[in-house]
Amino acid sequence: MFSVEYARGGMKTLLDLVADIADVNYGGHVSVLKFTTGWKVVFRTPSDLIHSSAERELLDDLPGNMSLDDALLYALTNRPSFEG
């Protein structure tokens, strides 16, 4: 998995960076989802995605056919959370 070197000399993976953003900005909530069409990462709980048809539609609108690394990078740069 792609890694980013930190100034402290340690290494953080993309998943570590996404988890850090989730902890700081979204109450620790992040969902990493695998579909037949690829991976999607959103800053929401799975129950939010299951119980809200509006959020399921927004999830459907996220880019598909992404590798896990691509989906994590997309989450880092676009912060998909469906919150206004």
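Please determine, by comparing only the residues of segment 33-73 that are in a helix (DSSP H, G or I) and among the charged types (D, E, K, R), which one is farthest from K12 (Cα to Cα).
The extreme case among them is E57.
What residue, among those in segment 34-54 that are hydroxyl-bearing (S, T, Y) and loosely packed, with under 12 Cβ neighbours inside 10 Å, is farthest from the chain's Cα centre (by Cα)?
S53
Considering only residues of segment 1-32 that are closer than 12 Å to L76 by Cβ and in a loop (DSSP other than H, G, I, E, B), which is modelled with the highest pLDDT?
Taking the candidates together, the pick is V30.
Listed here are the residues, each with its yes/no results for (1) hydroxyl-bearing (S, T, Y); (2) touching a Lys or Arg at 6+ places or on another chain (Cβ under 9 Å); (3) free of Cβ contacts under 8 Å to residues at least 60 places away in the same chain.
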residue	(1), (2), (3)
V24	no, no, yes
T37	yes, no, yes
P63	no, yes, yes
M66	no, yes, yes
A71	no, yes, yes
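For segment 55-79: of the residues being buried (at least 17 other Cβ atoms within 10 Å of the Cβ), of a type in the set (A, V, I, L, M, F, W, C) and within 13 Å of V42 (Cβ to Cβ), which is modelled with the lowest pLDDT?
Per the stated criteria, the residue is L59.
The values are calculated or read from the model by the stated rules, or taken from the named source; none is laboratory data. As the structure is a prediction and not an experimental result, all values here were calculated from the model. Ideal geometry is used to build each Cβ from the backbone, glycine not excepted, and the neighbour counts take in all protein chains shown.
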